């Protein structure tokens, strides 16, 4: 889709040029082009023509869509192209969305770029000529692997930029400039909406080779504890282990059944379930993600114990059985114990997991089997099914399970049996 969007951007630029204006690629699209990275989000900014002129041009090219009249953002149906007009903003409150926006097609490229967050995101590229406009040293900063803010005043008006700085540092392996770190340390991030913070965390966890940099940079900014207090509270040795485990998990996330949940679990791996629940409750109300992470935290101590004492097969079967995702549990174990001889144990652990899956695939005693045998539904049937499941975990065939379960019911039926 990107080539198609680029082709449309060029058509828009040609029509705007005929009307006396210019069109620039802006933001991450220019940055990633210069870094040699793929970016599917094609954003252009239209200068030097009125809103009504741009609307007419887009109407001639396709079915125009409007994503925000007051923000000057338009599009064309069936294209992923974001078409914006230059604008200025003024903060009206403490939140990420508390802004008054002014669309001004004639503000000029430099003033338009001035509202951008970082110099590498303030780059502009003429769609028709390829000319790069770099008013604030973005290319120099990228060459130095540095994230530096554009403007003290406008940057400080949007506290989400604290987390954007940290996640860009993690994604690109850059370092936040000292002056940007110092400015971030003065910004109040407490009023941000949780989903906005979670969005930046997700980008760091899912796009960075070393997501630990996200938390390291926030720590330098003295803004870690506002949203991630449980990490800040870790002793230094625990902090170092947690960050190493998180980066280890990033190398494995492509193999995880649920990659985002897996990475959040890695971020919470140093916590018990109670601490993890408080940590997550501040960030998200996604029930399945929370359930997955808490389960991983609950299974972690037993995994550690089994790895250290070489316990028997039955305990491994029981652990896999209570795990919400045994495959991911072993991946997390590898991230946490990479330095503890994990490679020498992994083949055996994978064999145990295969054995668990094999046993779970075998026929087992079910409620309908007990009903057919004359067992009445009730407390004892529930206990009997749990009893049968224990035999299933032990690899006992269904026929033998049934004999043992019926004997259990005879002994414990108390009037609820056959």
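FYI, it's all coordinate maths here, none of it is from the lab. Keep in mind that this is a model prediction, so the values were computed, not measured. Every residue, glycine as well, gets a Cβ built from its backbone with ideal geometry; the counts of neighbours run over all protein chains shown.
What to note about this one:
- Global geometry of the stretch 1-137, whether rounded, prolate or oblate, following the gyration tensor of its Cα atoms and the 1.5 cut on a/c: rounded
- For 342, 316, order by how many other beta-carbon atoms lie within 10 Å, fewest first: 342, 316
- Prolate/oblate/rounded call for the stretch 105-147, Cα gyration tensor, a/c under 1.5 rounded: oblate
- One chain, two ends: residue 412 and residue 19. Fully extended at 0.36 nm per residue, the span grows by 132.6 nm beyond their Cα-Cα distance.
- Computed from the C-beta positions of residue 339 and residue 376 and an R0 of 56 Å, the FRET efficiency is 0.55 to the nearest 0.05.
- Placing a label point 7 Å from the Cα of residue 222 along the Cα-to-Cβ direction, the residues of the stretch 159-191 with a backbone N closer than 20 Å are 159-166, 176-191.
- Under 18 Å from the residue 277 label point (7 Å along Cα→beta-carbon), backbone N, the stretch 308-323: 323
- The long axis of helix 160-172 is offset from the longest Cα principal axis of the chain by roughly 80 degrees.
- The simple Förster model, with R0 at 25 Å and r as the Cβ-Cβ distance, assigns residue 351 and residue 304 a FRET efficiency of 0.80.
- Between the helical axis of 287-309 and the longest alpha-carbon principal axis of the chain there is an angle of about 60 degrees.
- Estimated FRET transfer efficiency (residue 67, residue 178; beta-carbon r; R0 35 Å; 0.05): 0.45
- With neighbour counts taken as other beta-carbon atoms within 10 Å, the residues 381, 221, 360 rank, fewest first, as 360, 381, 221.
- Neighbour counts of C-beta atoms inside 10 Å place 387, 24 in the sequence 387, 24, starting with the fewest.
- Projected label distance in nm at residue 7 and residue 151, using a 7 Å step from Cα toward the beta-carbon: 3.7
- Where labels lie 7 Å past Cα in the beta-carbon direction, separation of residue 33 and residue 88 in nm: 2.8
- Degrees separating the helix 379-393 axis from the principal Cα axis of the chain, which is the longest one: 80
- With a simple spin-label model that places each label point 7 Å from the Cα along the Cα-to-Cβ direction, the separation between residue 140 and residue 104 comes to 2.6 nm.
- Set against the labelled values (1) 37; (2) 27; (3) 20, percent of Cα pairs over 40 Å apart computed from this structure falls on (1).
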